[in-house]
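Let me begin by presenting the structure, written as structure tokens, before commenting on it.
The values are calculated or read from the model by the stated rules, or taken from the named source; none is laboratory data. Bear in mind the structure is a predicted one, so any value in this text is a computation, not a measurement. So basically every Cβ, Gly included, is an ideal-geometry build from the backbone, and we count neighbours across all protein chains shown.
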Amino acid sequence: MHRGKGMKFVGDSRVPAEKKRFIPKDYSEYPGKTEPFWPNFLLKEWLVGAVFLIGFLCLTVAGAPPLEREADPNIAGYIPLPDWYFLFLYQFLKYEFASAEYIVLGTVVMPGLAFGALLLAPFLDRGPGRRPTQRPIATGLMLIGVAATIWLTYESVVHVDWEQRAQSQKLVEDIEIDKSSEGYAIYENNCMSCHGENLDGGAAGPPLLGIDRSADEIKEIAVNGLEGDPGMPAGVFAGSEEELEVLAEFIASLNEGNDDAH
């Protein structure tokens, strides 16, 4: 045999040229246990999402949101509340370890650690099982997160007087006020500093427009005050009995038919 002659090279297709260890097997090798992403799986996801979206839209149509009147920075007694999905963070900032000098800890560090733990859960628990009992770390972190969110949300709303809040902050129609009347002059001398020039609330008092109170109830509050938040101390009104009657009738007349206000 001469050098370089008579040699043959044989190729075997069963031996891959490169090792590709992380390529998953084709779904056809698992009949009945898996399905193609497109269009089977993605179509099911869209259908489920459409059902929830339609249900959510029906809820928004059936129950109108409790809109409040336009924000006014001059009303110091108004306590703003975030949307429901941020109420748990709002409640969290009420605790001493997450407010005041620890505000950075409560607004950045602790929420960042909590959400970071949820994001890292799949990497911290890399077991092959898909059942919750087989993924203790991921399942535990998720249960702690859900329980904390529900508890903090509950704590943030359980102490709020929603009826009084809605009554004091509801939207009202524009009401023309006769500032030349005797009732407004008495109001100006006794009530304007707290309830504002247009009876729409001020630095220390809620609005007096859109309230559902009779003249007698207004007289009672003016003399004896009102408990609650926002409340009113007793003995604020310093006028005569006749002036009190005129003031109460003036305020009550502005609120006649306020049930139709919006």
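Need a quick list: helices (runs of 4 or more DSSP H) entirely within region 105-188 having at least 1 residues that are surrounded by 13 or more Cβ atoms within 10 Å (Cβ to Cβ) and at pLDDT 90 or above.
110-124, 136-158
State whether one or more residues within region 87-95 are in a loop (DSSP other than H, G, I, E, B), of a type in the set (Ser, Thr, Tyr) and at pLDDT 80 or above.
yes
Condition check: surrounded by 20 or more Cβ atoms within 10 Å (Cβ to Cβ) and either without any contact (Cβ under 8 Å) to a residue 12 or more places away in the chain or out of contact with any Ser or Thr (no Cβ under 7 Å at 6 or more places or on another chain) (or both). Does Gly231 satisfy that?
Considered against the rule, which asks whether it is surrounded by 20 or more Cβ atoms within 10 Å (Cβ to Cβ) and either without any contact (Cβ under 8 Å) to a residue 12 or more places away in the chain or out of contact with any Ser or Thr (no Cβ under 7 Å at 6 or more places or on another chain) (or both), Gly231 comes out as no.
Conditions tested, residue by residue: (1) in the same structural domain as Gly205 (by TED's automatic domain parsing); (2) assigned to a loop (DSSP other than H, G, I, E, B); (3) modelled with pLDDT of 85 or more; (4) hydroxyl-bearing (Ser, Thr, Tyr).
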residue: Ser13; (1), (2), (3), (4): no, yes, no, yes
residue: Pro16; (1), (2), (3), (4): no, yes, no, no
residue: Lys20; (1), (2), (3), (4): no, yes, no, no
residue: Pro24; (1), (2), (3), (4): no, yes, no, no
residue: Phe56; (1), (2), (3), (4): no, no, yes, no
residue: Ile75; (1), (2), (3), (4): no, yes, no, no
